[in-house]
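Visitor: I'd like to ask some things about the structure below.
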Amino acid sequence: MTHALGTTEVVGTPDRVVVLDSGELDAVTSLGIVPVGTVETEGLLEELAGTHGFEADDVEVVGSISEPDLEAVAALQPDLILTNAIRHEAIYDQLSALAPTVVSAELGAVWQENFLLCAEALGMTEQAEEMLTDYETRIGEIAAAWGDPGATEVAVLRFMGGGEVRAYARGSFIGSVLEDVGFTWPAALDTTENRVELTPESLDTVTSDVVFWSPGFSDAGAGESASITSGGLWTSLPPVQAGGDHEIDDSRWFLGLGPSGADLVLDDLAEIAAAR
C-alpha cells in the first residue's frame, strides 16, 4: 500500500500493532484493535481504554511521541507500525527495519484521511467507512441540538503555560469537528492553519459567542489558566459575559485526533447544548 513516505507491503492481518502518535492510537482502538505498544499520550490511552473496554496496562508504553524507544518497539516484535511523517519521518528507515511501517502525511483536519489509511493497513476499510458515515449522522444531530450553529462564532483556547495561549482554528482536528457541525470563527481567529498563537494580553481578539477552553495538560498551564480566568480581562470577554464559556477536558478535545476523539467532543457538545 502507498503512504506518505513510500510503499509498504502489509502481509495478512496484523495483530501486533505499535502506534507512535495519538491519532493512530485513536484509529486502531476505534476499530477494536488493542495495540501492543504506544507512546505516552497524556491520559488518552486511559480515556480510550475506558471507552472501548480494554485494559490500558495491557499496552506497553514505548517512550514519548518526540522520542520513541526503538529498542522497546523491537522487543514487542510488531507486525505493523503506524505513525505520522510530521513526527517521525527522520526515523522512518529505522522503523521500517523493525516492521512494515505505514505513515500518514499530515496532522489535524485530515484526521479522517489518516483514519482510512490506518484502516487500509489493518484490512478494515469497510468498517472505517461505516464509522465515518455514523460520524456524519451524529454531526447532523449535534447541529440540530445547537439550533443554528452557522450563526454561532466559537473559539477554542488551550493554556500551555509560559504565557502561551493556543487558539485552535479550522486546520486543527478540533477545528474540523466544530466546522463539520457548522460553527464559525471570529475574524481574528478564522484561518485554515492549525491555530493562532495568543498571549494573555491579546485575549481581546476572542470576540466569539462561545469559548471552549482547556487549562492544558501541564501544571504550568493549569496554574496560568486559573490566574487568567479569574482576572478582569477574561471576565470582560463577550462570551464570558454572555455565559458562553465552557471548560473542556484536554485529553478529550486535543489528543484523540480520530473517530473516538471526535465522538468524545460531540458528546460534550451535546451535553453543553442540553444545558443552554
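Visitor: Which one of these is modelled with pLDDT of 95 or more and buried (at least 21 other Cβ atoms within 10 Å of the Cβ): Ala119, Ala56, Ala97?
Guide: After ruling out the rest, the residue left standing is Ala119.
Visitor: Right, another one. Condition (residue is under 30 Å from Ser104 (Cβ atoms) and among the β-branched types (Val, Ile, Thr)) applied to the range 226-239: is it met by at least one residue?
Guide: Taking every residue of the range 226-239 in turn, none turns out to be under 30 Å from Ser104 (Cβ atoms) and among the β-branched types (Val, Ile, Thr).
Visitor: Tell me, which helices (runs of 4 or more DSSP H) wholly within the range 62-160 include 3 or more residues that are more than 29 Å from Ser225 (Cβ to Cβ)?
Guide: Counting at least 3 such residues, we get 70-75, 92-98, 111-122, 125-146.
Visitor: Considering only residues that are of a type in the set (S, T, N, Q) and assigned to a helix (DSSP H, G or I), which ones fall in the range 161-184?
Guide: Ser176
Visitor: Which condition number in (1) free of Cβ contacts under 8 Å to residues at least 40 places away in the same chain; (2) part of a loop (DSSP other than H, G, I, E, B) is the one that Ala49 fails?
Guide: (2)
Residue by residue, here is whether (1) under 15 Å from Pro259 (Cβ atoms); (2) out of contact with any strand residue (DSSP E or B) (no Cβ under 9 Å at 6 or more places or on another chain); (3) assigned by TED's automatic domain parsing to the domain that holds Leu107; (4) touching a residue at least 12 places away in the same chain (Cβ under 8 Å) holds:
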{"site": "Leu25", "(1), (2), (3), (4)": "yes, no, yes, yes"}
{"site": "Thr38", "(1), (2), (3), (4)": "no, no, yes, yes"}
{"site": "Glu55", "(1), (2), (3), (4)": "no, yes, yes, no"}
{"site": "Glu67", "(1), (2), (3), (4)": "no, yes, yes, no"}
{"site": "Val73", "(1), (2), (3), (4)": "no, no, yes, yes"}
{"site": "Pro78", "(1), (2), (3), (4)": "no, no, yes, yes"}
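Visitor: Name the residue, out of Ser104, Ser66, that is more than 13 Å from Gly23 (Cα to Cα), within 21 Å of the chain's Cα centre (by Cα) and of a type in the set (Gly, Ala, Ser).
Guide: Ser66
Visitor: Yes or no: Gly231 within 19 Å of the chain's Cα centre (by Cα), assigned by TED's automatic domain parsing to the domain that holds Glu271, at pLDDT below 95 and not acidic (Asp, Glu)?
Guide: No: the conditions fail for Gly231.
Visitor: Name every residue in the range 112-135 that is of a type in the set (D, E, K, R) and free of Cβ contacts under 8 Å to residues at least 40 places away in the same chain, in order of residue number.
Guide: Listed by number, the residues that qualify are Glu113, Glu126, Glu129, Glu130, Asp134.
Yes/no per residue for (1) free of Cβ contacts under 8 Å to residues at least 12 places away in the same chain; (2) β-branched (Val, Ile, Thr):
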{"position": "Asp209", "(1), (2)": "no, no"}
{"position": "Ser214", "(1), (2)": "no, no"}
{"position": "Thr229", "(1), (2)": "no, yes"}
{"position": "Gly232", "(1), (2)": "yes, no"}
{"position": "Leu237", "(1), (2)": "no, no"}
{"position": "Ser251", "(1), (2)": "no, no"}
{"position": "Leu255", "(1), (2)": "no, no"}
{"position": "Pro259", "(1), (2)": "no, no"}
{"position": "Ala262", "(1), (2)": "no, no"}
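Visitor: While we're here: Restricting to the range 232-248, name every residue that is over 18 Å from Ala274 (Cα atoms) and in contact with a Pro (Cβ under 8 Å, 6 or more places away or on another chain).
Guide: Leu233
The values are calculated or read from the model by the stated rules, or taken from the named source; none is laboratory data. The structure displayed is predicted, hence computed values, not measured ones. Backbone-built Cβ (ideal geometry, glycine too); neighbour counts: all protein chains shown.
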